[in-house]
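The values are calculated or read from the model by the stated rules, or taken from the named source; none is laboratory data. A quick note: this is a predicted structure, and the numbers were derived from the prediction, not measured. Cβ sites come from the backbone with ideal geometry, for glycine too, and all protein chains shown count toward neighbours.
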Amino acid sequence: MRCPYCGGLETQVKDSRPTEDSAAIRRRRICPDCGGRFTTFERVQLRELTVVKRSGRRVAFDRDKLARSIEVALRKRPVDPERIERLVSGLVRRLESMGESEISSEMIGERVMESLKQLDDIAYVRFASVYRNFREAKDFEAVLGELEPRPDEDAETDELAATRRRVPSED
């Protein structure tokens, strides 16, 4: 493994352990040339994936790019980082398990939106606004119409409505 600081090729592994979900091995490394310390992750890769862009261009699938786009959608949302990692790992596993080596960017985007819709409504709308290239407010309205009320939200709405019926107006 090449040192990210000095480019040395003889780095040494000081510690290895599985990640929380045991989907990867975390390795702490040190470079004997410069003394730099860094972490690497080793994951199972079922097959090499190629992404077919809308323009027809083909690029290698980049797990980190997928993770960054999901993290941007989830920025400042109350979602545990480990849950985000599980979501990304699950998406990559599903893509690799499809049996195809070429996958359209549209399919990846739709899968991400499905996952975000289950995880966090705000992140889903954020991702959809970029992925679907929203241009007007009505584009947001259409996506918001796709969201289903969550069970706890229904209870809050019913409770609020009942409170309003019980409290006489002061008009």
*Is it the case that region 106-121 has a residue that's at pLDDT below 90, under 21 Å from ARG26 (Cβ atoms) and not basic (Lys, Arg)?*
no
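Residue check: is GLU110 within 17 Å of ARG68 (Cα to Cα), part of a helix (DSSP H, G or I) and among the charged types (D, E, K, R)? Reasoning before the result, please.
On the way: within 17 Å of ARG68 (Cα to Cα): yes; part of a helix (DSSP H, G or I): yes; among the charged types (D, E, K, R): yes.
Taking the combined requirement at face value, the residue satisfies it.
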*For THR39, are the conditions met, namely being at pLDDT below 90, more than 27 Å from VAL125 (Cβ to Cβ) and of a type outside the set (A, V, I, L, M, F, W, C)?*
no
*So which pairs qualify, if the first residue must be in region 55-68 and farther than 21 Å from MET113 by Cβ, the second must be surrounded by 10 or more Cβ atoms within 10 Å (Cβ to Cβ) and at pLDDT 90 or above, the Cβ gap must be under 6 Å, and the two must be at least 6 apart or on different chains?*
ARG58/VAL52
*When you look at VAL92, is it modelled with pLDDT of 75 or more and part of a helix (DSSP H, G or I), yes or no?*
yes
*Can you tell me which residue within region 47-62, out of those that are at pLDDT 90 or above and outside any loop (DSSP other than H, G, I, E, B), is nearest to ARG27 (Cα to Cα)?*
ALA60
_Close pairs (6 angstrom Cβ cut-off, 6 or more residues apart or separate chains): assigned by TED's automatic domain parsing to the domain that holds GLU82 and at pLDDT 95 or above in region 22-34, among the basic types (Lys, Arg) and in a loop (DSSP other than H, G, I, E, B) anywhere_ = none
*Which condition does VAL79 not pass, out of (1) outside any loop (DSSP other than H, G, I, E, B); (2) not assigned by TED's automatic domain parsing to the domain that holds LYS14, if it passes all the others?*
(1)
*asked:* Give me the residue from region 77-111 that is over 17 Å from SER129 (Cα atoms), without any contact (Cβ under 8 Å) to a residue 60 or more places away in the chain and of a type in the set (D, E, K, R) and, out of that set, surrounded by the fewest Cβ atoms within 10 Å (Cβ to Cβ).
replied: ASP80
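Would you check if there is a residue in region 132-145 being out of contact with any strand residue (DSSP E or B) (no Cβ under 6 Å at 6 or more places or on another chain) and in contact (Cβ under 8 Å) with a residue 60 or more places away in the chain? Working first, answer last.
Keep residues of region 132-145 that are out of contact with any strand residue (DSSP E or B) (no Cβ under 6 Å at 6 or more places or on another chain), which gives 132-145.
From the residues that got through so far, the ones that are in contact (Cβ under 8 Å) with a residue 60 or more places away in the chain too are none.
There is no residue in region 132-145 that is out of contact with any strand residue (DSSP E or B) (no Cβ under 6 Å at 6 or more places or on another chain) and in contact (Cβ under 8 Å) with a residue 60 or more places away in the chain.
Select from region 1-46 the residues that are among the small types (Gly, Ala, Ser) and part of a strand (DSSP E or B) and write down the one among them that is farthest from LEU91 (Cα to Cα).
Our first condition is that a residue be among the small types (Gly, Ala, Ser); within region 1-46, this holds for 7-8, 16, 22-24, 35-36.
Next, only the ones that are part of a strand (DSSP E or B) stay: 16, 24.
Values: SER16: 25, ALA24: 15 Å.
Of everything passing the filter in region 1-46, SER16 is farthest from LEU91 (Cα to Cα).
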*In region 112-137, which residues are surrounded by fewer than 17 Cβ atoms within 10 Å (Cβ to Cβ) and within 16 Å of LYS53 (Cα to Cα)?*
VAL130, ARG132, ASN133
